[in-house]
Amino acid sequence: MSQTMKEFLAMGGYAPYVWSSYGLALLLLLVLLVASVAGLRSRERTLAALEAANPRRRRRKADAAGGDGGEGAAMLPMTGGRGKGGQNDATDADAGGGE
Amino acid sequence: MHRFANPARFLRLATIILPWAALLSVGLFIAGLWLALFNSPGDYQQGDTVRIMYIHVPAAWMSMFTYSSMAVAAACALVWRHPLAEVYARAAAPIGAGFTLLCLVTGSLWGEPMWGTWWVWDARLTSVLILFFLYLGFMALVNAFDDPVRANRAGSILLLVGAVNVPIIKFSVDWWNTLHQPASVFRMGGPTIHPDMLWPLLLMALAFQTYFVAVVILRMRAELADAKIQTLRMARASAQG
Amino acid sequence: MMTRKKRRLYLLGIAMLGLGTATALTLSAFEENVAYFFSPSDLQAKPPGDRLIRVGGLVEAGSVSKQGDGITTDFVIADHAATVRVTFSGALPDLFREGQGVLAEGRMRPDGVFQAREILAKHDENYMPKEVADALKKSGQFRPEAPGSKPAAGNGGV
């Protein structure tokens with residue numbers, strides 16, 4: 001190993017502090033990214049399976065896959081408020097209703 | 001206000017932004033790390049430990065930015081019932097908690113060699129630790145209810161109550177005697193950092209910011225898919241029952 | 001519809017204002033407990049007795065002296081108005097040097113010397129390469145700890 005490389009890695013004698021900071025940052029950002037991607041993938045799989053098992057939803061699944069959001073509002077599952085119907089106060093209805 | 005409330009419209013926009021944010025983040029991290037590790041001077045007092053700043057300070061900024069944006073989303077959710085606001089808050093919370101943890105740990109790793117201690121209970125360090133607990137509390141709270149409407153409402157209220165902590169963190173170093181030094185960048189009278197050190201810091205901050213945008217989009221898509229799954233399951237249960 | 005949203009907005013505004021005021025009042029009531037250390041001027045104004053306290057200020061230039069035992073260091077902590085003599089036995093942090101910020105935890109001895117059991121270094125908000133600092137020192141423009149470098153400091157600390 002060359003002298004400059006050794007000097008660089010030594011970080012003026014503070015190598016453990018500097019390198020563990022960068023190492024931890026890398027680890028945390030990667031773990032968060034991988035976990036987020038994995039979470040999205042597994043939910044998309046579950047969703048696809050559910051929609052395949054539910055014939056009434058098939059048409060909409062095709063819409064979603066086609067990237068056209070025209071029907072999206074009808075699917076709006078947000079916060080479960082609509083699904084539960086009548087749990088929210090009247091104003092909630094206008095949240096997605098403008099489309 | 002509700003132009004992007006339609007999840008389909010949001011998803012279309014997000015699909016366009018995601019690859020750009022990801023690409024930009026990778027580029028900024030490469031440039032930022034190059035400057036931070038290879039092409040910037042050591043500090044006249046702190047030597048090479050100043051390089052911890054290029055992780056510590058962006059993480060600290062992002063921890064406060066993320067929380068502030070979640071609090072704004074909470075206000076939009078409570079006042080206008082914006083349906084994506086709560087999705088955003090849920091998606092951003094783990095990222096914000098991660099940034100706060102990174103800020104605390106790298107601060108500790110910087111404090112030990114320079115200050116001579118891993119931790120002190122001064123106003124700055126304590127208020128950032130409270131921020132970390134606010135993130136954890138929010139995540140626990142929104143998962144504690146069976147009813148997502150009540151869960152999100154409780155979460156939004158917690159976010160707004162906790163928002164008083166943000167100015168306390170920012171100004172703690174000015175209002176009270178703290179071991180932590182005052183602000184060097186966002187201060188009256190301009191930065192007190194030499195440009196050779198300010199550039200890597202700003203690049204790393206932008207890298208963190210674009211990373212956040214990319215990951216929060218991924219997580220929002222997961223949250224939206226999750227909500228759809230709940231609706232489908234409920235519809236199926238009621239159809240069978 | 002609008003009136004309900006407006007009402008929620010006002011309600012939220014008032015709630016946040018109330019919360020902010022309550023927090024500000026609480027924090028100002030506990031001001032002394034929130035402060036992590038006292039300045040030498042604070043100690044002069046309010047003698048602490050033999051409580052365990054922290055004193056913060058600048059290490060006075062030329063005041064540092066190593067004692068014969070090799071581990072005891074005597075020095076003076078100063079702010080712009082007052083000074084405290086400190087004695088400490090142990091390892092000093094890397095950043096401890098004359099003219100720089102320092103924080104000592106310990107008790108005031110009856111003879112007026114502060115017996116420190118822990119010393120922490122405190123650095124300021126200035127970051128620059130060594131060459132720049134040397135050039136500034138040469139041209140006489142180097143005043144990192146000059147009064148006003150921390151304008152909002154409550155009671156004249158570092």
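Does segment C:57-72 contain any residue that is farther than 30 Å from C:Gly90 by Cβ and at pLDDT below 85?
For segment C:57-72, residues farther than 30 Å from C:Gly90 by Cβ and at pLDDT below 85: absent.
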Looking at segment C:86-110, I want the residues that are under 20 Å from B:Pro182 (Cβ atoms) and more than 10 Å from every other protein chain (Cβ to nearest Cβ) and have a partner that is surrounded by fewer than 14 Cβ atoms within 10 Å (Cβ to Cβ) and aliphatic (A, V, I, L, M) with Cβ atoms under 7 Å, at least 6 apart or on another chain. Which pairs are those? C:Gly99/C:Ala61
Does B:Arg187 qualify as being modelled with pLDDT of 90 or more, of a type outside the set (A, V, I, L, M, F, W, C) and closer than 30 Å to B:Gly27 by Cβ? no
What tally of residues in segment B:216-241 results from selecting those that are facing another protein chain (nearest Cβ under 7 Å) and under 30 Å from B:Tyr67 (Cα atoms)? 11
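For segment C:87-128, how many residues are in contact with a helix residue (DSSP H, G or I) (Cβ under 8 Å, 6 or more places away or on another chain) and outside any loop (DSSP other than H, G, I, E, B)?
3
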Across segment C:111-125, what is the total count of residues that are facing chain B (nearest Cβ under 8 Å) and modelled with pLDDT under 90? 3
Which numbered condition B:Asn177 fails, given (1) under 16 Å from the mean Cα position of the chain (by Cα); (2) surrounded by 17 or more Cβ atoms within 10 Å (Cβ to Cβ): (1)
It is to be established whether one or more residues within segment B:218-229 are at pLDDT 95 or above, under 30 Å from A:Val34 (Cα atoms), surrounded by fewer than 19 Cβ atoms within 10 Å (Cβ to Cβ) and of a type outside the set (Ser, Thr, Tyr). no
Starting from segment C:56-71, keep only residues that are outside any loop (DSSP other than H, G, I, E, B), then list their pairs with residues that are charged (D, E, K, R) whose Cβ atoms are within a distance under 8 Å, requiring at least 6 positions of separation or different chains. C:Gly56/C:Lys122; C:Gly57/C:Asp79; C:Leu58/C:Asp79; C:Leu58/C:Glu145; C:Val59/C:Arg97; C:Val59/C:Glu98; C:Ser65/C:Asp74
Every residue in segment A:10-50 that is farther than 29 Å from B:Gln46 by Cα and either at the interface with chain B (Cβ under 7 Å from one of its Cβ atoms) or among the polar types (S, T, N, Q) (or both), please. A:Leu32, A:Leu33, A:Ser36, A:Val37, A:Gly39, A:Leu40, A:Ser42, A:Arg43, A:Glu44, A:Thr46, A:Leu47, A:Leu50
Condition met for B:Met220 (within 30 Å of B:Ala14 (Cα to Cα), in contact with a Pro (Cβ under 7 Å, 6 or more places away or on another chain) and of a type in the set (A, V, I, L, M)): no
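Condition check ((1) in contact (Cβ under 8 Å) with a residue 40 or more places away in the chain; (2) closer than 20 Å to B:Ala75 by Cα) across all residues:
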| position | (1), (2) |
| --- | --- |
| B:Arg153 | yes, yes |
| B:Ser172 | yes, no |
| B:Trp175 | yes, no |
| B:His180 | yes, no |
| B:Gly189 | no, no |
| B:Met197 | yes, no |
| B:Arg221 | yes, no |
What about A:Glu7, is it modelled with pLDDT under 90 and more than 9 Å from chain B (Cβ to nearest Cβ)? yes
Kindly establish whether B:Leu160 is modelled with pLDDT of 95 or more and either on the phi < 0 side of the Ramachandran plot or surrounded by fewer than 21 Cβ atoms within 10 Å (Cβ to Cβ) (or both). yes
Restricting attention to segment C:43-55, the residues that are of a type in the set (Lys, Arg) and in contact (Cβ under 8 Å) with a residue 40 or more places away in the chain number exactly 2
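Confirm whether B:Val213 is among the hydrophobic types (A, V, I, L, M, F, W, C) and away from chain A (no Cβ under 14 Å).
So B:Val213 fails the test.
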Which numbered condition B:Thr126 fails, given (1) without any contact (Cβ under 8 Å) to a residue 60 or more places away in the chain; (2) more than 11 Å from chain C (Cβ to nearest Cβ); (3) closer than 25 Å to C:Gly18 by Cα: (2)
How many residues are assigned to a loop (DSSP other than H, G, I, E, B) and among the hydrophobic types (A, V, I, L, M, F, W, C) when one looks only at segment C:30-55? 4
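Residue-by-condition table, conditions (1) among the small types (Gly, Ala, Ser); (2) free of Cβ contacts under 8 Å to residues at least 12 places away in the same chain:
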position	(1), (2)
B:Gly32	yes, no
B:Val50	no, no
B:Met64	no, no
B:Ala71	yes, no
B:Ala75	yes, no
B:Ser108	yes, yes
More than 14 Å from chain C (Cβ to nearest Cβ), under 20 Å from the mean Cα position of the chain (by Cα), surrounded by fewer than 22 Cβ atoms within 10 Å (Cβ to Cβ) and not β-branched (Val, Ile, Thr): does that describe B:Phe132? yes
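Being at pLDDT 90 or above and charged (D, E, K, R) is true for just one of A:Glu44, A:Glu99. Which residue is that?
A:Glu44
The values are calculated or read from the model by the stated rules, or taken from the named source; none is laboratory data. In this text, all values refer to a predicted model and were calculated from it rather than measured experimentally. So basically every Cβ, Gly included, is an ideal-geometry build from the backbone, and we count neighbours across all protein chains shown.
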